[in-house]
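One structure is given below, encoded as structure tokens.
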Amino acid sequence: MSTEAMKGAGGSLFRNKFYQTILLSNVLLQIGIWVRNFAILMYVTDKTNEDPFAISLMGFVEFLPIFVFSFIGGTFADRWKPRLTMIWCDFLSAASVFIVLITLIYGSWHMVYLATFVSAILSQFSQPSAMKLFKQHIPAEQLQSAMAMFQSLIAIFMVLGPSLGVISYQKFGIEISIGVMGVAFLLSALVLFRIPRDREAEKAEAAVERRFWQELKDGFAYVWRSPVLKSLGGTFALAGTAVGIAQTLGLFIVLERLGQPKEFLQFMLMVNGIAMLIGGGAVMAIAKKVAPQKLLALGIFLSSVCMVGVGLSTSIPLTLALQFISGLGFPLIQIGISTMILQWSEESYVGRVNGVLSPMFMGMMVIMTLVAGQLKLVFPLVGIYCTAGVIMFIGMLLLIPLFKHKPIAAQAQQQLAGGD
């Protein structure tokens with residue numbers, strides 16, 4: 001994509017009221033999420049004296065509800081008004097955080113797990129609704145560019161977020177940190193009122209009596225009929241297995257392989273985030289030239305190689321370099337996945353497709369986040385990381401047959417041209 005085209009696409013997107021609002025909402029959510037992730041991780045690590053099971057349990061309570069509720073969350077996203085769904089989810093997340101804060105002050109420290117658990121549940125109703133709104137409010141030719149810019153915002157918080165969470169915990173303690181989470185979620189809900197009201201068609205569809213379980217079954221059948229979506233599900237499962245292991249045991253790479261204090265983890269993620277920001281910009285430049293399935297395959301390949309390297313490395317500069325390379329590939333994965341789901345799904349099925357595919361990733365991640373702590377007690381850390389990298393590489397191989405496939409819109413255009 002030329003520089004002029006990039007500027008034109010970006011300018012057009014930033015004039016879009018929906019896109020402006022969703023970006024601002026995401027800024028607030030990212031603040032809450034990163035304070036939650038690192039403040040609670042540091043808190044649990046201190047409370048349990050670096051217990052592997054307690055640390056892996058943090059990942060488990062975050063990803064278990066994602067696996068369980070993603071199926072039904074995607075289906076409800078296709079039934080409910082997506083704008084109101086997102087607003088209510090953020091309001092309820094804020095309310096749950098403030099309840100946890102009150103309980104934490106007067107009760108048990110274990111309540112910090114509940115804050116993560118509840119917000120993870122609600123995200124499974126909000127996220128597919130956001131995908132549905134993207135499909136409605138962003139022109140098809142701008143979807144990949146929109147996802148690239150959206151990913152760049154997330155990358156910025158990969159740089160700033162870890163330090164934000166650590167500083168919040170070290171300077172103000174866990175109570176203030178949890179309060180920041182609640183305020184961020186509340187402000188996000190208020191910002192979302194700027195999104196254009198749900199379409200009249202959404203209201204008409206919501207008024208039609210349809211059985212929930214039939215819609216859920218239709219979502220699975222829709223994915224099963226699509227060779228692209230079906231293969232994507234297999235890649236999701238393998239990637240979830242690898243990421244679940246690596247993400248959970250990242251703290252032990254810092255402590256054991258690099259011999260650094262736990263706070264050093266924030267610097268590893270900052271390097272990763274800087275690379276994500278660069279990678280997101282690169283994807284914007286090639287968004288119109290490279291198919292999303294090829295972007296995804298390249299991103300997974302980079303992650304698999306770097307995962308093995310991080311496990312083997314005892315050098316801080318080498319590990320940081322591998323984190324940087326892995327970060328370059330992460331936007332390719334995220335943008336590739338989101339664009340593939342949007343391009344190979346009809347609008348009425350976007351929520352359900354997301355709800356069917358996400359558990360393929362999250363289900364395996366849930367299992368591995370709980371198992372990883374136990375694996376660590378039995379197997380060497382290097383062996384675990386190398387195995388995770390090989391699993392990720394196999395997931396990449398599943399994508400190669402998809403390179404020849406074209407999105408639904410392109411297929412329809414070809415059919416029309418053939419009919420003429």
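Read-outs: derived from the displayed coordinates by stated rules, not from any lab. What you see is a predicted model; the values in this text were computed from it and never measured. Neighbour counts are summed over all protein chains in view; Cβ atoms, including those assigned to glycine, are modelled from backbone coordinates with ideal geometry.
Points worth noting:
- Shown is the FRET efficiency for GLU141 and GLU346, computed with R0 = 30 Å from the Cβ-Cβ distance and rounded to the nearest 0.05: 0.95.
- Here LYS294 is the anchor, and the lysines within straight C-alpha reach of less than 21 Å, apart from those fewer than 8 places off in the same chain, are LYS230, LYS404, LYS406.
- Span from the the range 108-132 Cα centroid across to the the range 272-317 one, whole angstrom: 27 Å
- Evaluated at q = 0.06, 0.11, 0.13, 0.14 Å⁻¹: base-10 log I(q)/I(0), Debye formula over Cα of the chain: -0.23, -0.83, -1.20, -1.41
- Phi-derived couplings, Karplus 6.51 cos²θ - 1.76 cosθ + 1.60 at θ = phi - 60°, listed residue by residue for the range 355-360: x, 7, 6, 4, x, 4 Hz, with x used for Gly and Pro.
- Amide H partners (placed H, <5 Å) of LEU258, local residues excluded: none
- Cα lying deepest toward the dipole's positive end in the chain, options VAL27, LEU265, GLY179, charges on Cβ: VAL27
- The angle between the Cα long axis of helix 212-225 and the main principal axis of the chain comes to about 80°, on a 0 to 90 degree scale.
- About the centre of its Cα atoms, the chain shows a dipole size close to 640 debye [charges on the beta carbon of Lys, Arg (+1) and Asp, Glu (-1) only; nearest 20 debye].
- Cα-based helix-to-principal-axis angle, 408-419 vs the chain, degrees rounded to 10: 20 degrees
- Exposed GluC sites (Glu not before Pro) absent - longest run of the chain, DSSP non-H/G/I/E/B, at most 16 other C-beta within 10 Å: 51-208
- A Förster radius of 35 Å combined with the Cβ-Cβ distance from LYS217 to VAL27 puts the calculated FRET efficiency at roughly 0.40.
- Contour minus Cα-Cα distance for ILE176 and ARG79 (0.36 nm per residue): 31.2 nm
- Helix-derived mean residue ellipticity, 222 nm - over the chain, DSSP H n ≥ 4, -39500 (n - 2.57), to 500: -29000 deg cm²/dmol
- Remark: relative contact order (the chain) = 28 percent; criterion is Cα-Cα distance under 8 angstrom and separation of 6 or more residues.
- Leading residue at positive end of dipole, the chain (Cβ point charges), from GLY336, MET276, PHE98: GLY336
- Subtracting the Cα-Cα distance of LEU381 and ILE156 from their residue separation scaled by 0.36 nm leaves 78.0 nm.
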